[in-house]
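K.L.:
The structure follows.
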């Protein structure tokens, strides 16, 4: 069959037109204004069962409703949260990979000298989710029932006690090192890959002490499987009002706050960040979510990306000084 030049030209033009329309449709679907058009991954850089994982799952369902797309939680623990954080730093800046992390995000640069990412340069803040204390817990049969008794025991047997945390660079790690510094005691730090495994080993008697975020330990303290000695903040936790602060327990100049927050890769378009931030604040305004967080010892925060960015910049030198004073090294 013979095709005339005119007919061939018409076909080429139609194909080009259809290709152009398809390209426009694809570009429109991927434009920041259309976000999100597919499932979003919350990457939690700690194993399931830890505090960060617990908080992420509390907001997961409501986030799905707010954005109209499924939220998939992926746990990738290791190196105090650095392994999973690196994955996000290398992800496409399209809003579909969100770092849901702990305040170790501002601690790791102070103790790890070989991080493959930069906390400020490689991440854009979305918003703070919640803040909370670290809690010092032991096995119910541990001989010390108060912080004073723990200090006396540690000084009677220097270097024989150990404390666990969710990993090098975690707020619990720093709380433990600050405790040693302020009390003049010697203990060995045992880093885990997350709160879940650390809690399991304390309950099982493999390690005597644990500094961990309250959500990871709350249910076990309430059921008597763990014994709480103190919290790390200046005020008591609403979830455990009978547990004293470290300063109330006699350890002066002691404060370690921790928080959970969301970040995305740098260069993520601002309209996408703003949409995630609006969804976050909408979710945190719901009484049911706030009550769930409070039950875990966390207070919802919310706020702007800029506010979280200021927190990050303020904490970096703070933790750097502590790491130097206490000779904390994560490598």
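Just so it is clear, none of the values below were taken in a lab; they were calculated from the coordinates. Predicted model, so just to flag it, every value in this text is computed and none were measured. Here the Cβ positions follow ideal geometry from the backbone for every residue, glycine too, while neighbour counts run over all protein chains shown.
K.L.:
Give me the percent of DSSP beta bridges within region 133-231 that run antiparallel, rounded to the nearest 5. Display every interim value, and only then the final one.
P.N.:
Working: 9 of 16 bridges.
In region 133-231, DSSP labels about 55 percent of beta bridges as antiparallel.
K.L.:
Something else: Along its three principal axes, how long is region 40-103 when you only count alpha carbons? Whole Å, largest extent first please.
P.N.:
Ordered largest first, region 40-103 gives principal extents of 33, 27, 17 Å.
K.L.:
At residue 255 and residue 37, where each label point lies 7 Å from the Cα along Cα→Cβ, what is the point-to-point distance in nanometres?
P.N.:
4.8
K.L.:
Calculate how large, on average over all directions, the projected area of the Cα convex hull of region 231-277 is; give the answer in nm² to one decimal.
P.N.:
Values: hull surface 20.3 nm².
Reported value for the Cα convex hull: 5.1 nm².
K.L.:
What are the principal axis extents of the Cα atoms in region 282-327, in Å, biggest first?
P.N.:
The principal-axis extents, from largest down, are 42, 25, 7 Å.
K.L.:
Here's something else I'd like to know. In terms of the Cα gyration tensor, with a ≥ b ≥ c the square roots of its eigenvalues, is region 170-226 rounded because a/c is under 1.5, prolate because a/b exceeds b/c, or oblate?
P.N.:
Details: a/c = 1.79, a/b = 1.74, b/c = 1.03.
Judged from the Cα gyration tensor, region 170-226 comes out prolate (a/c at least 1.5, a/b above b/c).
K.L.:
Please state the equivalent ellipsoid semi-axes for the chain: what are the square roots of 5 times the Cα gyration tensor eigenvalues, largest first, in whole Å? Intermediate values should be presented prior to the final figure.
P.N.:
Numbers: eigenvalues 440, 76, 55 Å².
Result for the chain: semi-axes of 47, 20, 17 Å.
K.L.:
How large is the Rg to Rh ratio of region 133-231 when both quantities use alpha carbon positions and Rh follows Kirkwood?
P.N.:
Details: Rg = 11.9 Å, Rh = 13.0 Å.
Rounded to two decimals, Rg/Rh equals 0.92.
K.L.:
Further question on the same structure: Relative to the compact-globule scaling 2.2 N^0.38 Å, provide the ratio for the alpha-carbon radius of gyration of region 198-246.
P.N.:
Values: Rg = 10.6 Å, N = 49, 2.2 N^0.38 = 9.7 Å.
In units of the globular-protein estimate, region 198-246 measures up at 1.10.
K.L.:
Taking R0 as 35 Å, what's the FRET efficiency between residue 304 and residue 223 from their Cβ-Cβ distance, rounded to 0.05? Numbers along the way, then the final one.
P.N.:
Details: r = 38 Å, r/R0 = 1.09.
The formula returns an efficiency of 0.35 here.
K.L.:
Take the eigenvalues of the Cα gyration tensor for region 59-207, scale each by 5, and report the square roots as semi-axes in whole Å, largest first. Mind showing how you got there, number by number?
P.N.:
Values: eigenvalues 233, 64, 33 Å².
With the √(5λ) rule applied to region 59-207, the semi-axes are 34, 18, 13 Å.
K.L.:
Is any residue of region 310-331 close enough, with backbone N under 19 Å, to a label point placed 7 angstrom from the Cα of residue 83 along the Cα-Cβ axis, and if so, which?
P.N.:
Within reach of a label on residue 83: 330-331.
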